[in-house]
Amino acid sequence: PRKNIAAFIVEPVLGEGGYVVPPAGFMPRLRALCDQHDILLIADEVQSGYGRTGKMFACEHTGVVPDIMTLAKSIASGLPLSAVVATSKLMDKWEPAAHGSTFGGNPVSCAAGIATLDVFEREGILANAAARGAELMGRLRDLQRRLPAIGEVRGLGLMVGVELVNKDGSANKDLQKKVRKVCLDSGMVVLSCGPHDNVLRLVPPLNLSQAELDEGWEILNAAFQEVAA
């Protein structure tokens with residue numbers, strides 16, 4: 001029953017599930033359903049948040065404001081730090097000091113978190129992630145038109161997934177492994193994801209330079225030409 005549902009948790013861009021960007025109307029419709037039935041909407045922005053998609057939070061691409069967001073990983077540039085962010089309507093329900101953690105609020109990690117925000121503003125990190133991501137997606141889609149082994153190319157900003165498939169469109173996990181091996185031998189680490197483990201996930205640093213993008217592309221393109229052409 002709907003009355004037994006306290007909250008709906010969603011990744012604005014699916015992470016381990018294959019770097020899937022939902023259809024344009026998905027998040028607004030979900031927000032409307034949650035509002036209609038008095039259900040909290042929780043956005044897991046651990047992977048997609050903090051500039052990864054070219055905006056501070058992936059939810060911004062949809063215009064949806066969740067009731068709660070979870071953040072971690074990149075918010076302190078590698079130091080251990082996580083956060084739960086919520087509307088004042090929810091947070092005010094807690095009395096002062098009602099929510100504590102033995103290891104919470106580490107001053108060094110918090111200082112790194114503040115420094116990270118300073119770098120975002122000073123170096124134009126969001127604009128860089130959006131621009132480099134658009135260029136990378138363009139190159140990949142051009143390659144996709146020439147290589148049948150590339151299925152979908154999807155993503156936002158510098159959160160990019162490349163699906164590898166067989167001639168019949170089925171998942172090709174073996175090809176994923178071959179591409180990653182060639183890249184690794186050339187000095188570039190590429191990860192994988194997806195329920196069939198056939199998606200290459202490209203998640204370079206958000207301050208990726210043009211020269212670094214070009215160098216990485218040469219390695220990736222050469223790997224595709226070697227094992228997938």
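Quick notes
- Size-normalised alpha-carbon gyration radius of the chain, reference 2.2 N^0.38 Å: 1.13
- C-alpha center-to-center spacing [segment 106-132, segment 67-89] in angstrom: 14
- Aspartates and glutamates with Cα under 20 Å of K3, excluding same-chain neighbours fewer than 8 positions away: D35, D38, D67
- Listing F57, F26, F120 from fewest to most neighbouring C-beta atoms within 10 Å gives F26, F120, F57.
- Distance from the C-alpha centroid of segment 172-197 to that of segment 36-51: 29 Å, rounded to the whole angstrom.
- Helix 173-185 axis, angle to the chain major axis (alpha carbon atoms, nearest 10°): 80
- Taking L158, L206 and counting other C-beta atoms within 10 Å, the order from fewest to most: L206, L158
- Under 13 Å, Cβ to Cβ, from L213 - net charge with Lys/Arg +1 and Asp/Glu -1: -3
- Lysines whose Cα lies under 27 Å from that of K167, excluding same-chain neighbours fewer than 8 positions away: K177, K178, K181
- Reachable lysines from K55, criterion Cα separation under 24 angstrom, eight or more residues apart if same chain: K73
- Grouping the Cα pair distances of segment 2-123 into 10 Å bins from zero gives a pair-distance distribution of 12, 37, 35, 14, 1 percent in increasing distance order.
Readers should treat all values here as calculations from the given coordinates under stated rules, not as data from a laboratory. The structure displayed is predicted, hence computed values, not measured ones. Glycine gets a Cβ as well: all are built from the backbone with ideal geometry, and neighbour counts include every protein chain shown.
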